[in-house]
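The values are calculated or read from the model by the stated rules, or taken from the named source; none is laboratory data. What you are looking at is a predicted structure, and each value in this text was computed from that prediction instead of being measured. Here the Cβ positions follow ideal geometry from the backbone for every residue, glycine too, while neighbour counts run over all protein chains shown. These accessible areas exclude ligands, DNA and RNA; they are computed on the full protein's heavy atoms, side chains included. Shrake-Rupley method; radii C 1.70, N 1.55, O 1.52, S 1.80 Å.
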Amino acid sequence: MKTLVIITHPNIENSQWNKAWLEALQKQGDFTIHQLYNEYPDENIDVAKEQQLIEAHDRVIFQYPLYWYSTPSLLKKWFDTVLQYGWAYGPDGSKTAGKEIGVAISTYGTEASYQHTGSNRFTLEEILRPMEALAQFISATYLPHFALNDTSTVTDERLAQSSKDYIHHLQTVKPVLVTQ
């Protein structure tokens, strides 16, 4: 299975977690890594190039820090411009059908804060519902997400374990079968 990891961090060099994940991906060598902010510093997205990347892969993982309960702005723009009518959805829009879509996010908040009784009042599953809806809308399969919470707590050991867990997740994650 060919996996494309689209990393969308506006300042990856100063990121501890997303940068560590990127470095782990680079060492692994089994993934196509695509950094949107490096590729498009002017935010002028090459739609044809992006669509070719998607078509060449079976699985697409969107890696980003959670920003205001959503994605960084360039990833939102990427969705708006790349996932076009007639290509990803609508009549003859079948280029993403059967692909697997997943999310890998880092959050500043603790795991407890992403509970109904926590300070954020919503679970990560609920916050990521738009990504799940996006996958369904473009006839892709949504994968269980990978998350690292409480990114304010950084140790070398935690960075190494998180990177190892992330690679393991990408290598083993399977779609959740929905039963009716």
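Below 12 Å, Cα to Cα, which aspartates and glutamates can Lys164 reach? Residues fewer than 8 away in the same chain don't count. Cross-link targets: Glu23.
Counted as membrane-span-like here are DSSP H helices of the chain whose alpha-carbon atoms extend 20 Å or more along the helix's own axis and whose Kyte-Doolittle mean is 1.6 or above; there are none.
Annotation: per residue accessible area for the chain equals 54 Å², rounded to a whole number [probe 1.4 Å, protein chains only]. If a/c stays under 1.5 just call it rounded; otherwise compare a/b with b/c (prolate if a/b is bigger, oblate if not). Do that for the range 62-141, with a ≥ b ≥ c from the square roots of the Cα gyration tensor eigenvalues. Prolate shape, in that a/c is at least 1.5 and a/b is the bigger ratio. What shape does the range 1-93 have by the C-alpha gyration tensor, where a ≥ b ≥ c are the square roots of the eigenvalues, rounded means a/c under 1.5, and otherwise prolate means a/b greater than b/c and oblate the rest? It is oblate, given that a/c is not under 1.5 and a/b is not larger than b/c.
Most simply put, the chain has about 5% antiparallel DSSP beta bridges, counting only bridges with both residues inside it.
Element breakdown for the range 54-94 at a 1.4 angstrom probe: carbon and sulfur atoms account for 54% of the accessible area.
Highest mean packing first, where packing is the average number of other Cβ atoms within 10 Å per residue, the peptides 36-44, 1-9 line up as 1-9, 36-44.
Only lysines eight or more places from Lys77 in sequence, or on another chain, were considered; those with a Cα closer than 25 Å are Lys2, Lys19, Lys49, Lys95, Lys99. Taking every C-alpha pair closer than 8 Å and separated by at least 6 residues, the mean separation divided by the residue count of the range 42-180 gives a relative contact order of 23 percent. For trypsin sites (Lys or Arg not before Pro), the sites in the range 88-127 that DSSP calls loop and that have at most 15 other Cβ atoms within 10 Å are Arg121.
Across the range 44-99, Cα pairs under 8 Å and at least six residues apart give a relative contact order of 36 percent.
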